[in-house]
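Please read the structure below before turning to the comments.
None of the figures in this text is laboratory data; all of them are computed from the coordinates on show. Please read these numbers as outputs of a predicted model, since none were measured by experiment. Methodologically, a virtual Cβ is constructed for each residue, glycine included, from the backbone with ideal geometry; neighbour enumeration extends over all protein chains shown.
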Amino acid sequence: MARVPLNPPRHGWSLVVRPRDWASLTQHLFGRRGEHGAVLLAEETDGSRGKRLLVRHVILAEEGVDYVPGTTGYRALSADFVRDCAMLAAAQGLIYVAVHNHGGWDKVGFSRIDMASHERGYPTLVQLTGRPVVGLVLSRTAAAGDIWLPDGTRTHLSELVVPGRNLVRLRSTPTTPVDPEDGGRWDRQARVYGDLGQAVLSQMRVAIVGLGGAGSIVCELLARLGVGQLVLIDSQTATLDNLPRLVAAEPDDIGLHKTALGARNARRAHPDITITELRHDVQDPRCIEALGGCDFIFLAADSNAARHLVNQTIETLLIPGFQVGVKVPVTKDGTVGRIHAAVRPLVPGQGCLWCNQLINPTELAIEMSPTAVREAARYVDDVPAASVIALNAVAVVDAVNQFMMSTTGLLEDDGNLVPYTITFPRESRVEYHSPRRDPECPRCGDIRCP
C-alpha cells in the first residue's frame, strides 16, 4: 500500500476515528472493488484548532440492502437506512456522517452528483437531527468532507485523524512541501523524515504530565526535535535529592517548580517554542482542560490519579500518548531486585490502563480525596523510590523515538496491536507484551450501536 502523505495539523473541523474502527471502515470500503457506503455517528467537541468530531459508532451499509443503485447517481444509501441512522443520531445527540469511497490514492473530492444529493437531502437531515450533518468521501489516503450546519451555512472538513501506530492525518489533497525558513537549524534530523516531517513536529501540541526524572528528559528531547508547543503539568518543586535526575538542574534550582526548569531547558534548546506551565496536580480542572487540547500526551507521573485521568482523556477524546516509567525494587537490606523500564503506547481503543491492571482503585480513591483525607488514610510514611537518570532514559528515549516516527509516518504498521516494551537492564533483555482489552470495558471496549 502507498505511504500515507504527511500532513501537519490543521485548523478547522476535524473527524477523529479510533484505529480499529478505521480498519473496519476501510476494509468495508476498499476490501472489494467498486463504491461502498457507511454511516458514522460522531460526538462534537471543541479542540484547540476548532471543532472535533469523535466517531462513536461505525454502521456499515449492507450491499444490495442498505447501499443500492441510485435514482440520480451511481449508488446511494437506501432511504430506510438513512432514516434509521439519522433517528439514532438524533436520539443519542450525535452527528450523522454519511461516507462512501472513490477511486484514487492521495486526492479525493465530491462529484457533481454527490453535491447535488447533499443539497437535496441534507437540509432535511439537519432539521431531523438538530445538529450538523456531514458528507464524507474517502480514497485510499485522502478524505474530503462537506459539513452542513443548523444555521444554514456550510463548511468543509479540514482533516481526518486516525491516532494509531502512525498518527495519520488525511486531507483532500496532500500538503505541498515548502522550503524551510529555519536557516538549516533542523537540517540534519529533517534528512530522516523530510521537511514535511519537521513541519508536522513544529505544529504539534504535546503534553507532559510529570516533570521529574523521566518527564524532564522527555521535555528536553521534544524541544530538540522541534515540537512547536509543550504543555507542562506538575505541582512539585525541585528538592536536593531531585537534582541528579532533573536535566541541567543546579543547586540554585532547589525550590523552583519543576515545570519552570523544564521550560527553561526547552527554551534553551528551541527558542521559538511555545510553552504552557500548569503548576497543579493533574486532577485540577485546568490541567484536564489543557490535556484535551493536545495532539499527544506523555504520562511520566507514577500516581494512580495521573494514570486514571490521562487514560480517561485518551479514551474519551481519542488523543494518543505514551506512559513511561522505571521501577527499581530495593529491599530493606539494600538488595536490588529486577529493574524494569516500561514504555506503554496509549492508543485509543487498543486496551486501556484499567484493562491492563495498571491503576490501583484503592490508591486512586485515596489520591483523589482532599489532602486531609489522604493524610489520614496513610498508615506509614511514603518511602522515596530508588531512581537513576540513566535508567529513566532507557524508557524515555524509546518512547520519544516512537513518537517521532509515529508523527512522521516512519513506523512499520502491520495492523497488529502496538506492543508494550519492557526492558530489563540487568539482564540485557527486552520483552514485548500485547495490551489486553476487555470488550466490555466502558472506556476502551466495544461501543455497541443500539
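For residue 120 and residue 175, a Förster radius of 35 Å and the Cβ-Cβ distance give a FRET efficiency of 0.60, rounded to the nearest 0.05. When DSSP beta bridges are limited to those with both residues in the chain, what percentage is antiparallel, rounded to the nearest 5? Of the beta bridges lying entirely in the chain, close to 60 percent run antiparallel. Counting Lys and Arg as +1 and Asp and Glu as -1 over every other residue whose Cβ lies under 10 Å from the Cβ of residue 315, the net charge comes to +2. Principal-axis analysis of the Cα atoms of the chain puts helix 19-30 at an angle of about 30° to the longest axis. Put a dot 7 Å past the Cα of residue 23, heading toward its Cβ, do the same for residue 182, and the two dots end up 3.3 nm apart. Charged neighbours of residue 427, selected by a Cβ distance under 15 Å, balance to +3 (K, R count +1; D, E count -1). Listed by chain and number, the lysines whose C-alpha is less than 29 Å from the C-alpha of residue 258, apart from same-chain residues fewer than 8 away, are 327. Distances between placed amide hydrogens fall under 5 Å for residue 57 paired with 41, all partners being 5 or more residues away or on another chain. Compared with the dominant Cα axis of the chain, that is its longest principal axis, helix 304-317 is turned about 20°. Counting only DSSP beta bridges with both residues in segment 193-433, the antiparallel share comes to about 50 percent. Using a cutoff of 8 angstrom between alpha carbon atoms and counting only pairs six or more residues apart, the relative contact order for segment 7-62 works out to 42 percent. Angle of helix 258-269 to the longest C-alpha principal axis of the chain, folded into 0 to 90 degrees and rounded to 10: 70°.
Charged neighbours of residue 135, selected by a Cβ distance under 9 Å, balance to -2 (K, R count +1; D, E count -1). Amide H contacts under 5 Å for residue 172: 143, restricted to partners 5 or more places along the chain or on a different chain, H placed in the peptide plane at 1.01 Å from N. Would you please state which residues of segment 286-323 a label at residue 388 would reach in this model, taking the label point 7 Å out along Cα→Cβ and a backbone N cut-off of under 12 Å? Counting only backbone N, you get no residues.
Length gained on full extension, residue 74 to residue 192: 38.1 nm, using 0.36 nm per residue less the C-alpha separation. Within straight-line reach of residue 51, meaning a Cα separation under 29 Å, sit the following lysines at least 8 residues removed in sequence or on another chain: 107.
A simple spin-label model places pseudo-atoms 7 Å from Cα toward Cβ; at residue 30 and residue 274 they are separated by 3.2 nm.
Summarising the label geometry, the points placed 7 Å from Cα in the beta-carbon direction at residue 327 and residue 428 lie 2.5 nm from one another.
Mean sequence separation of contacting Cα pairs (under 8 Å, at least six apart), scaled by the length of the chain, corresponds to a relative contact order of 14 percent.
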